[in-house]
Every structure is written in structure tokens, then in C-alpha cells.
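Here the structure is laid out as C-alpha cells; the discussion comes afterwards.
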Amino acid sequence: MRPSMFRLAFATAFGLAFAIGAQAQPAIAQFGNLKYPPNFTHFDYADPDAPNTGTLKFQNYDQSQSYDSLNPFVVRGQPAPDVRNLMFDTLMQRSWDELASEYPLIADDVEVAPDGLSATFHINPKARFSNGDPITAADVKYSFDTLKSPLASPTVSSQFSELKRATVIDRSTVRFDFVDNSRAAPLIAGDLPIFSPKWGVQPNGKRLPFDQIAVDPPIASGAYLVEQRKNSKEIIYRRNPNYWAADLPSRRGMFHFDRIVFKLYLDQYTKLEAFKAGNDDVDREYSSTQWARKYVGKNFDNGLLKKETFPYGPAQMQSFMINTRKPEFQDRRVRHALALAFDYDWMNRMMFYGIYTRLNSYWDASPFGATGMPSEKELKLLEPFRAQLPPEVFGPMVKQPGTKPPGSLRANLVKARQLLSEAGWHYRDGALRNAAGEPMKIEIMDDEPGMDRLIIPYTQALQTLGIDAHIREIDSALYQKRLDNFQFDMTTYIYPLVTIPGIELERRFTSKAASEVGSENYPGVRSKAVDALVHATVSATNLDDLETATHALDRVLINEYYEVPMYYERNARIAHKATIGHPSVTPDTFQSEDLVIDYWFQRPQGAAAVKTSAPAAAH
């Protein structure tokens, strides 16, 4: 979603789209009015007329290189590609072309209490698990209690921290009580994935503890089943022929493929060559160099393969994450010095063909990012913490250090060395050392082949400062394990996109999450100011308060240098066989892989094109 579209969406009259205290409603919106009327037939970005047939052969999902679990809700193991999306439906379905709205799925209506402290969901009587069992309110409560328990990953359980308890009213009705009357709480309840209590029950009747369920195929609520697990590099999903929700408006025009095959490649070269040879159907390319130079050859020339770009919405924060749990990174001046050593301008010019944009905010290209001087309302939130915060927080929003003339990397490194000196790190005996004579060593951990061309120039700049910096590439499963346990110095990371900042901030930046294994507070942020600003964001009751809180939070996070912001891409780059079609409408916000998996389709055999397969606007 481009910024102008954000503003247009916010321009509607502010207020809940469901009437608090009134009768149950089929859909809810956190802000503004619902886009789709009660009698809508499908989302605009879905094509209900496209054929439901064929096999989609997909490459590395989310760049994972292997998997060892079918349970996406626990710390243990690397989950199978897209298993949560394909096998676990939620109570309600979020639309991808609104800020935060949900429509019926497992629940066919919802009623919010007059005080906003609870919401009651009615389960569609047709709702079924993959084994044919009806989905009941008790199953919803079981799913909630399990995902809120210590057996689930903190990343998962924290998603539902706004929900206090689930209570079964009758067989088809469940009520969620909230911690407070947060406007987001009813939608968070609607996001709850539902699975059967029978999942994990062994032939002898014994139930495995939830955090020990790994290879048992989920008995869940989604559109697909596991057909075959060949090894840790390949899995085949088969569409459930008895999927009960296929004709719901929120599902019509979705999940067209009979089968979805994921093949996980260890390196980018093999992955790309397999696609170019016609062995796979779709390739989501994250490398600008590969996209510009390598997507050529006879199959592109003869029309078998196509390359297209699809405009993204708001930017995702991509960065070098700094683990402040390490003693050498606890001084802000050290972290600032690390930011100065990153030469984005040279990399964008020499390696990325100038197609990226520098990140200067945690919410770039959206109204939630800070710009200019703090407003009076922002200062009111920041003032209680003035003594604890860098003075820059109270000035104009900073831009990340650049090297375009008259600037230069040399000038930035001179400033970085001065900051390191002030922090007690001095160059002697061939290394940057602290007062105890210990050298500074930084291992940059990564699991993505090809990222070395970005990381190595950065380590070379750090080495110029006297830092013993090097890259360590590891398998994605081990990478996730080390990340979950905060066993790294620095790493590259992209925060998953959200359209409205909210509860995810608690697991990403609060002091409580900093010590929870499996949380997303990878930098180890422990700040009373950040805690207060996250609370102000989550508890905001109107748009103005929400923007004020995120602007203030943005200023603190950026100026504390917990991360070295990199860049964002304005368009998703997707190459595919010409036999694969897609709707003419691209939603405002999307996860690239799921856009293909959920809404693309196999064109009719022999058809050159279909009316809905016109290419999205390329930027």
C-alpha cells in the first residue's frame, strides 16, 4: 500500500465498523469502514472464475533451505514451508486491501460487548476439521489455551497477549475476554488458528505434549493436507477435496492448485538454474543483481518464462540486527559506529542497480513513520524519559548516514573511530581493544546464500576500524535455533509486515520479551521509554494517538541504533511460467509467496492468456 492509499483509507470517518453493544456483525474493522458489503462474493484480488486444477511447483518458501517439523507454533524445529497458511484456518479472514478488517471464515459472526472488554464468536455449523469432525467452541478454546501456554513459542503466544481467556458458551459459541478494551483485541481473536485436540494423539491413545508434536500431520482446519514428505528438502500438499469453506466469500477464488510442491534448494545458483530449465513454476527473486542479469535465456526468449514486478505496500524493516545482550554492544556509541560503517550508497549503485530505497524509519513509506521535528503530542510522550534518551530523539528525525558526495565512507569511519574511542575502544597492537586489552570480534550470522556479497563489504569496513569481523553462513534450521536463543553477535533480519502497528511490538521491542526465548526481540531492547511507547501504541483509541505513539517510538528506536537499517524494495520480483496466471488486481499489502500460493492459478491448457492474468503495474 502506497502512502497516498494509506491516507485515503484513513480519511473515512473514524470509528469501529462494528457497533459495540449492538447485534452480532459478520465482519469487523479496527479503523474506518469496511470495504466489502455483507453480500460481497469475493475479494477484489481473487479470481473465482479461474480453474481449480494443476500442480504448483514452488521454490524456497521464505528462503528456507530445509525443514524438520509440521508444527509451526513451537520453538522446536524449522516448520515445513507455508504449513500454517495452507493447513490452519483462523476464526476470521483478514482482507489484504484494507488496513485491518476481517470477514467470516470459521466464525460466521462476532459481537463485541458494550464495554469493549470481550467479543463473542459464533462458529459456522458447516465448519470442519480435515478429518471431517465438526469444529466446536470447545475446539476453539483448546486451540487458544494451547497457543497461550508455555508449550507454544513465545512469538506465537505473545500474538494473543491481549486476550485474557476463552469461555465456551455453547457448542457453537465462544467468548474471548480481553485484558483491556483495545480496539485491536477483537481482530486478534479473529486471527486465532484452529486445530483439533486429536492432533498429536498416538495410536495407543497417548497424547504427545504440544511442544513435542513435530512429524504428526496436523488435524487442522485449512484447505490442504500433507500428501507426501520426501525428505527435509521437499514436501507435497494436496488440496482437501472436502474443504468445507471453499465457497465462502472470503475463500472464493483462493487455493486453485490441486497440489503444491515445495523444493528447497541450498544455494541460489541451483535454485535459479532449476527454474530456468523449467523444473519449477515460480521463483520469487530477492536479489536485484540476479534479477537484472540472470533472468535471461532461451525459455525467456521463447515465452515459456516471464518476469514481472508487483508494487509493494509499506516498507519492511530490513537490517543488520545488533544483539545488545553482548557487553560490547551495550554502549550506544558503539552501535552508532557500526551504523556509520555501512556503505549503502555504494552497494545500491554498484550491486543493486539502484533499485532499492534506503530505510530511515521502522515504518518507512507509511504514515506511522516519524518525520521532521517531534510534535507537541509526541514530546508529551517522550518528556518523562528525556534523561534516559539521546538528545537526537528530541530533534529532527535523522537520516541514515550516507556516502554520496560531499559525504564519504572515509568521513563516516573517522566519526565511527571517534565514537568507539569515546566508548573506551582504542586501536593498538593491530586490533580495536577495550581497556582490558580484549579485541572486538563480530560474527555476522546468516542463512541465505548470496548475502555474502552484501555482508563482506560491510565486514571489510569494520575491519578498517580494527574490528575482527567475519561472516558465518549456516543452515536455516540452525539459524532459526540460534536466533530463537539469541546466540549471535549480529545478523540480517526482515520484520514481517503489518499494516497497523500493534501487539507485535510487544514481542519485538519490550523488556519482557528480551528475556523470552523465541520472542522477536532479537536486539535485546530493554528500555522503559520503549516499553511505555509500545503500550501507548497498543492502547491508542484513535488514529491521531496511534500515529503520535508510533512516531515517538520510531524516533527512539532509530536513535538508539539497535539495528543498522538497510533498504527496501518497492516492488516484488516474481518470475513464473507463462502457464501460470494471476488476477489482474494486486492487493495493497501481501506476502509475496502467499500471493502466488493463495491466488494464482494454472491457465487452461492451450490458452495464451485469460482475462484476469494481465500483468500488475510495474514500477
ALA578 versus (1) aliphatic (A, V, I, L, M); (2) surrounded by fewer than 20 Cβ atoms within 10 Å (Cβ to Cβ); (3) at pLDDT below 95: which is the lone unmet condition?
(3)
For the structure I just gave you, tell me whether ARG433 is assigned by TED's automatic domain parsing to the domain that holds VAL334 and surrounded by 16 or more Cβ atoms within 10 Å (Cβ to Cβ).
yes
Kindly indicate the residue of region 378-422 that is modelled with pLDDT of 95 or more and among the β-branched types (Val, Ile, Thr) and also surrounded by the most Cβ atoms within 10 Å (Cβ to Cβ) among those meeting that condition.
VAL393
Residues of region 196-234 being of a type in the set (Val, Ile, Thr) and either surrounded by fewer than 20 Cβ atoms within 10 Å (Cβ to Cβ) or modelled with pLDDT under 95 (or both), which ones?
VAL201, VAL215, ILE219, VAL226
Within region 83-95, the residues that are surrounded by fewer than 23 Cβ atoms within 10 Å (Cβ to Cβ) and assigned to a strand (DSSP E or B) are THR90, ARG94
Among residues of region 13-52 being surrounded by 15 or more Cβ atoms within 10 Å (Cβ to Cβ) and of a type in the set (Val, Ile, Thr), the residue modelled with the highest pLDDT is ILE28
Test result for ARG251, under 30 Å from ASN124 (Cα atoms) and either among the aromatic types (Phe, Trp, Tyr) or under 27 Å from the mean Cα position of the chain (by Cα) (or both)
yes
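Taking the criterion of being hydroxyl-bearing (Ser, Thr, Tyr), in contact with a helix residue (DSSP H, G or I) (Cβ under 8 Å, 6 or more places away or on another chain) and closer than 30 Å to ASP545 by Cα, would at least one residue in region 426-439 satisfy it?
Step one: of region 426-439, the residues hydroxyl-bearing (Ser, Thr, Tyr) are 427.
Now restrict to residues that are in contact with a helix residue (DSSP H, G or I) (Cβ under 8 Å, 6 or more places away or on another chain): 427.
Then keep just the ones that are closer than 30 Å to ASP545 by Cα; that gives none.
Within region 426-439, none of the residues are hydroxyl-bearing (Ser, Thr, Tyr), in contact with a helix residue (DSSP H, G or I) (Cβ under 8 Å, 6 or more places away or on another chain) and closer than 30 Å to ASP545 by Cα.
Which residue, of LEU208, LEU187, LEU192, LEU163, is in the same structural domain as LEU99 (by TED's automatic domain parsing) and touching a Leu at 6+ places or on another chain (Cβ under 7 Å)?
Values: LEU208 fails: touching a Leu at 6+ places or on another chain (Cβ under 7 Å); LEU187 fails: touching a Leu at 6+ places or on another chain (Cβ under 7 Å); LEU163 fails: touching a Leu at 6+ places or on another chain (Cβ under 7 Å).
Just a single option satisfies the conditions, and that option is LEU192.
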Where the second residue is polar (S, T, N, Q) and assigned to a strand (DSSP E or B) and the first is within 12 Å of ASP598 (Cα to Cα) and lies in region 42-68, which pairs have Cβ atoms under 6 Å and are six or more apart or on separate chains?
none
Just one of VAL156, VAL112 is touching a residue at least 40 places away in the same chain (Cβ under 8 Å), of a type in the set (A, V, I, L, M) and surrounded by fewer than 23 Cβ atoms within 10 Å (Cβ to Cβ); which is it?
VAL156
Go through region 512-546 and count every residue that is touching a Gly at 6+ places or on another chain (Cβ under 8 Å) and of a type in the set (Gly, Ala, Ser).
1
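A quick yes/no check of all residues on (1) in contact with a helix residue (DSSP H, G or I) (Cβ under 8 Å, 6 or more places away or on another chain); (2) closer than 18 Å to VAL156 by Cβ:
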| position | (1), (2) |
| --- | --- |
| ILE442 | yes, no |
| ASP452 | no, no |
| ARG482 | no, no |
| TYR522 | yes, yes |
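Name the residues in region 420-448 that are of a type in the set (A, V, I, L, M, F, W, C) and more than 27 Å from the chain's Cα centre (by Cα), would you?
LEU420, ALA423, TRP425, ALA431, LEU432, ALA435, ALA436, MET440
Of all residues in region 330-358, count the ones that are touching a residue at least 40 places away in the same chain (Cβ under 8 Å), not polar (S, T, N, Q) and not in a loop (DSSP other than H, G, I, E, B).
Of the residues in that region, 15 qualify.
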Does region 54-69 contain any residue that is at positive phi and at pLDDT 95 or above?
yes
Looking only at region 436-454, which residues are of a type outside the set (D, E, K, R), modelled with pLDDT under 95 and out of contact with any Lys or Arg (no Cβ under 9 Å at 6 or more places or on another chain)?
GLY450, MET451, LEU454
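Take region 589-619 and flag every residue that is charged (D, E, K, R), crowded, with 20+ Cβ neighbours inside 10 Å and modelled with pLDDT under 90. Walk me through it before giving the result.
First, the residues of region 589-619 that are charged (D, E, K, R): 593-594, 598, 603, 611.
Still in the running and crowded, with 20+ Cβ neighbours inside 10 Å: 593, 598, 603.
Result: no residue meets the conditions.
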In region 412-448, how many residues are among the basic types (Lys, Arg) and touching a residue at least 60 places away in the same chain (Cβ under 8 Å)?
2
Tell me, yes or no, whether region 235-247 has at least one residue that is more than 22 Å from the chain's Cα centre (by Cα), surrounded by 15 or more Cβ atoms within 10 Å (Cβ to Cβ) and closer than 30 Å to ASP452 by Cβ.
yes
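The values are calculated or read from the model by the stated rules, or taken from the named source; none is laboratory data. What you see is a predicted model; the values in this text were computed from it and never measured. Neighbour counts are summed over all protein chains in view; Cβ atoms, including those assigned to glycine, are modelled from backbone coordinates with ideal geometry.
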